[in-house]
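Below is one structure; the comments refer to it alone.
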Amino acid sequence: DTGVSQDPRHKITKRGQNVTFRCDPISEHNRLYWYRQTLGQGPEFLTYFQNEAQLEKSRLLSDRFSAERPKGSFSTLEIQRTEQGDSAMYLCASSSRKTSGANVLTFGAGSRLTVL
Amino acid sequence: ILNVEQSPQSLHVQEGDSTNFTCSFPSSNFYALHWYRWETAKSPEALFVMTLNGDEKKKGRISATLNTKEGYSYLYIKGSQPEDSATYLCACPPSGGGADGLTFGKGTHLIIQP
């Protein structure tokens, strides 16, 4: 297993376009998280999945954002009608089957979005 | 919403010197404290997860302590090396634990000067 993979690593788009990011977690991890990191801030939680079920969404996740994990494996994060404020690093992480908040997260290298 | 704070925001340290920085968090309903290191162009990497008051963990030249009663953790780096240059993030899960998203601090950006 090569860890958590994210694609694309960089995306430049024009305002108003739609973008989609993909995350492939560690295969035996059943929890998958999306975070967003902007300049000068720490990663901010967006949403997470346990298997294919989306169990929590942050209020940061506006109606233009949608995340899926259809078969409990890879996940996609789509942003519709992008705005300049969406420019950020989008990080994906996965963790094991334990339910504790002490679970270590394994992160991908992130997908950097620039909206012009 | 948890309030996780880190200081200083950035730090320049001479190679060979030791350094430390702080993470503060709410002491009520504490469950766990995570430390991650994030090098430029790489994935954030877990350093420690700490749960017990008074706990101390060590990984090579890096160590961390935890005080859950007063709500702070220190990260220490002994004999800094250029490869220690990174952003160090601390994070807490929601009060009482659970698998919901971690709340991260803004990080301490550490630069080791040769």
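The values are calculated or read from the model by the stated rules, or taken from the named source; none is laboratory data. This one's a predicted model, so the numbers in the text were calculated from it and none came from an experiment. Positions of Cβ are backbone-derived with ideal geometry, glycine not excepted, and every protein chain shown enters the neighbour counts.
What the table below lists for this structure:
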read-out	value
Residue that is nearest to the other protein chains (Cβ to nearest Cβ) [pool: residues in region A:68-89 that are without any contact (Cβ under 8 Å) to a residue 40 or more places away in the chain and in a loop (DSSP other than H, G, I, E, B)]	A:69
Residues of region A:5-15 satisfying the condition of being more than 12 Å from chain B (Cβ to nearest Cβ) and outside any strand (DSSP E or B)	A:8, A:14, A:15
Whichever residue in region B:93-114 is in a strand (DSSP E or B) and closer than 18 Å to residue B:51 by Cβ and, among such residues, is modelled with the lowest pLDDT	B:103
Residue within region B:50-67 that is facing chain A (nearest Cβ under 9 Å) and among the hydrophobic types (A, V, I, L, M, F, W, C) present	yes
Qualifying strands (runs of 3 or more DSSP E) (wholly inside region B:1-65; at least 2 residues being among the hydroxyl-bearing types (Ser, Thr, Tyr) and within 14 Å of the chain's Cα centre (by Cα))	B:19-24
Tabulated pairs, region A:90-116, first on the phi > 0 side of the Ramachandran plot and within 7 Å of chain B (Cβ to nearest Cβ), second surrounded by fewer than 20 Cβ atoms within 10 Å (Cβ to Cβ) and at pLDDT 95 or above, C-beta under 7 angstrom, 6+ apart or interchain	none
Residues being in contact with a Gly (Cβ under 6 Å, 6 or more places away or on another chain) and either surrounded by fewer than 17 Cβ atoms within 10 Å (Cβ to Cβ) or in a loop (DSSP other than H, G, I, E, B) (or both) - total across region A:16-67	3
Residue within region B:75-91 that is surrounded by 21 or more Cβ atoms within 10 Å (Cβ to Cβ), within 14 Å of the chain's Cα centre (by Cα) and facing another protein chain (nearest Cβ under 8 Å) present	yes
